[in-house]
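Chemist: One structure, pasted below without further comment.
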Amino acid sequence: MSVVDATLVAGYTVGDFLLLAAAGFTVLAIGMLYRAVKGPTMQDRVLAVNVLGTNTVVILAILSAALSEPTFLDIALVYALLNFLMAIAISKFTVERGGVL
Amino acid sequence: MTGAVPLVTGSVGSVGSVAPVSPVVAQVTAIEASLLAFVVFTALATAFARDVLAAVIVFGAYSLGMAALYTFYRAPDVALTEAAISAGVTTVLLLLTLAKTTRIDHETAFESVNLPAAGAAGFLFAGLLLTMGDIPAIGSPDAPVWSNPDVTQWYLTETYAQTHVENTVMAVLAAFRGFDTFGEAVVVFAGGIAALIVLHREVFA
Amino acid sequence: MSDAVDDTDMTDTATNSGADAPTDAESDLPPHRAAARSGRLDSENRQGTPYTESQVIMPTVKVIAPFAFTFGLFITFHGSGSPGGGFQGGAIMAAVVFMIAFAFGIESTRDWLANTVVVALAVGGALAFAGIGLVPVALGGAFLQYDLLPIPILNPVKYGMEGVEVIGIAPIVAGVLMGLFFLLANGFSSDGGGFGNGSLDEDGSIDEGEPVDDDGSPEAGAADAGGDR
């Protein structure tokens with residue numbers, strides 16, 4: 001019926017490939033996790049958490065498409081808006097050691 | 001707009017219908033496995049990080065994985081709560097608390113493991129794992145949700161007729177168990193009061 | 001190495017904020033807000049080094065904050081038709097306030113978002129929820145029996161639930177979260193505030209002697225506590 005349910009190759013639907021892509025992005029997020037944990041400086045961690053957040057927005061959007069549930073995009077939107085908050089909170093914390101906090 | 005009724009009713013059914021058809025969806029799909037690995041890694045890193053700020057940041061990443069996992073399991077309300085609370089609120093409050101305390105500069109990145117404590121925790125964890133066998137698989141028709149349709153299906157089918165609300169989760173929260181939700185709201189309110197008392201303040205702002 | 005620099009900044013903050021407290025207390029501000037009145041505008045005094053607000057963060061927040069707040073309202077109001085509800089929407093709206101506070105300084109945010117607003121949100125939400133629940137009781141029904149609500153034309157069950165979510169839960173969550181934010185930004189009360197100030201606080205060393213004694217520097221006690229680890 002919808003594009004997501006169309007069979008692409010060998011019984012795999014488009015939705016399956018989207019889920020696979022989401023899994024690939026999650027593996028990339030695990031790689032980025034190394035920088036967030038290890039990161040010698042706080043700037044590394046800020047960037048890592050920012051990339052992780054953006055990655056999650058992409059994963060959520062792909063999941064929304066793969067499961068053909070448009071309302072799931074709300075969650076991706078919330079993350080897109082609030083990940084920015086997380087990034088500026090950590091970066092402001094890093095800049096002045098909580099002087100502005 | 002499709003609304004949330006197909007979103008709820010179609011959730012478990014679509015898992016069951018997709019699983020036998022598609023070869024990718026095995027017992028544990030790739031997306032499930034990678035998300036679970038991400039969540040486990042972040043949880044372990046949060047527990048073992050020596051630096052508190054790093055632990056807070058990695059805990060934020062943990063919530064990202066949990067929200068994606070909830071989304072995959074078709075629990076958008078829970079995922080939205082996880083997103084709003086942990087990305088927007090918990091990290092900020094923990095950072096503010098860190099700003100009011102001192103952070104020790106650590107040489108090592110990870111905590112050293114206390115073996116007796118790890119043994120006790122592992123023992124408890126193994127005990128909890130023993131109960132895993134009794135938990136039905138996700139989307140399993142043997143789950144109590146499906147094996148007891150007189151109760152659970154009633155909410156999915158009767159919610160709109162009784163409340164004219166499409167989101168069954170909200171209908172259950174605000175109407176069918178509204179008194180419980182009232183208690184929860186009062187608990188949140190009491191939490192704010194308790195924070196005032198703990199921090200010896202009279203006013204919030 | 002950056003942490004070492006951070007720690008020196010920390011001590012500067014502690015001592016200077018303590019020094020600022022008496023001067024602020026002499027201004028026209030109420031005494032209970034005195035210790036925390038060392039915010040963005042005089043952050044140069046506190047830090048010793050001049051600090052300008054970020055030219056990246058402020059305009060970005062100016063752009064993003066209205067959209068995020070609107071989205072919080074959407075999550076709250078549209079909770080009956082899509083995922084969401086009062087709890088999530090209230091948390092998002094509180095997060096927008098956090099965002100503004102980070103960009104423009106917590107103290108200047110505290111200036112326009114008075115304690116009255118925060119408390120009115122939390123208390124008003126709780127009272128509205130209880131009120132919606134008690135109206136059917138007054139009409140001879142059960143608690144939260146929505147179909148007895150005197151709502152004309154519209155469906156009383158649906159709009160009773162919407163009322164609970166929109167004017168009950170969302171303000172409670174938003175108010176309490178904003179309150180927690182400002183509370184934690186203030187830190188532990190050190191200026192003799194706390195419950196029952198005034199006469200009780202003058203001779204309050206009977207039961208509250210320990211927290212009141214470390215006056216001036218809220219970070220001092222916290223630093224000691226942190227050093228134990």
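Chemist: Estimate for me the total accessible surface buried between chains A and B (protein heavy atoms, probe 1.4 Å, no ligands or nucleic acids), in Å² to the nearest 100.
Modeler: 3900
Chemist: Continuing with this model, one more query. Modelling each spin label as a point 7 Å along the Cα-to-Cβ direction, I'd like the C:T116/B:A190 distance in nm, to one decimal.
Modeler: 3.0
Chemist: Another one. Can you tell me what percent of all Cα-Cα pairs in the range C:46-191 are more than 22 Å apart?
Modeler: Here the tail beyond 22 Å accounts for 50 percent of pairs.
Chemist: Based only on Cα atoms, what Rg/Rh ratio does the range A:56-96 have, Rh being taken as Kirkwood's radius?
Modeler: Using only Cα positions, Rg/Rh for the range A:56-96 is 1.21.
Chemist: Over all directions, the average projected area of the alpha-carbon convex hull for the range B:94-205 comes to how many nm²?
Modeler: 13.8
Chemist: Turning to a different aspect of this structure: So how do C:I132, C:I151, C:I172 rank on accessible area, 1.4 Å probe, biggest first, that is with the largest at the start?
Modeler: C:I151, C:I132, C:I172
Chemist: Starting from the exponent 0.38 and prefactor 2.2 Å, build the expected Rg for chain A from its residue count and divide its actual Cα Rg by it.
Modeler: 1.35
Chemist: Per residue of A:8-21, how many C-beta atoms from partner chains lie within 10 Å of its own C-beta, taken as a mean?
Modeler: Mean shielding by partner chains, rounded to a whole number: 3.
Chemist: Once you keep just the Cα pairs under 8 angstrom separated by 6 or more residues, what percentage relative contact order results for the range C:53-189?
Modeler: Answer for the range C:53-189 is 30 percent.
Chemist: If you roll a 1.4 Å probe over the heavy atoms of the protein chains, what accessible area per residue do you get for the range B:148-205, in Å²?
Modeler: Ligands and nucleic acids excluded, the figure is 49 Å² per residue.
Chemist: Enter the buried accessible area of the C/B pair, total of both sides, probe 1.4 Å, in Å² rounded to the nearest 100.
Modeler: So the buried area, both faces added, is about 5600 Å².
Chemist: What nm distance separates the two modelled labels at B:N114 and B:R50, each placed 7 Å from Cα along Cα→Cβ?
Modeler: Output for this residue pair reads 1.7 nm.
Chemist: Quick one: length gained pulling B:T157 to B:E202 fully straight, 0.36 nm per residue minus the C-alpha distance?
Modeler: 11.4 nm
Chemist: Right, another one. Just to verify a number: FRET efficiency for C:A130 and A:S2, C-beta to C-beta distance, R0 = 56 Å, to 0.05?
Modeler: The calculated FRET efficiency here is 0.80.
Chemist: Whenever you get a sec, compute what percent of the accessible area on chain A sits on carbon and sulfur atoms (1.4 Å probe).
Modeler: Percent of accessible area from carbon and sulfur atoms in chain A: 73.
Chemist: How high is the relative contact order of chain A? Use alpha-carbon pairs under 8 Å, at least six apart in sequence, and give a whole percent.
Modeler: In percent, rounded to a whole number, it is 25.
Chemist: For peptide C:107-117, how many partner chain Cβ atoms fall within 10 Å of a residue's Cβ, on average?
Modeler: Whole-number average of other-chain Cβ neighbours for C:107-117 is 2.
The values are calculated or read from the model by the stated rules, or taken from the named source; none is laboratory data. Computed from a predicted structure; not experimentally measured. When we count neighbours, we look across all protein chains shown, and the Cβ atoms used for this are built from the backbone with ideal geometry, even at glycine. In case anyone asks, the SASA skips ligands and DNA or RNA and just uses the protein heavy atoms, side chains included. Shrake-Rupley method; radii C 1.70, N 1.55, O 1.52, S 1.80 Å.
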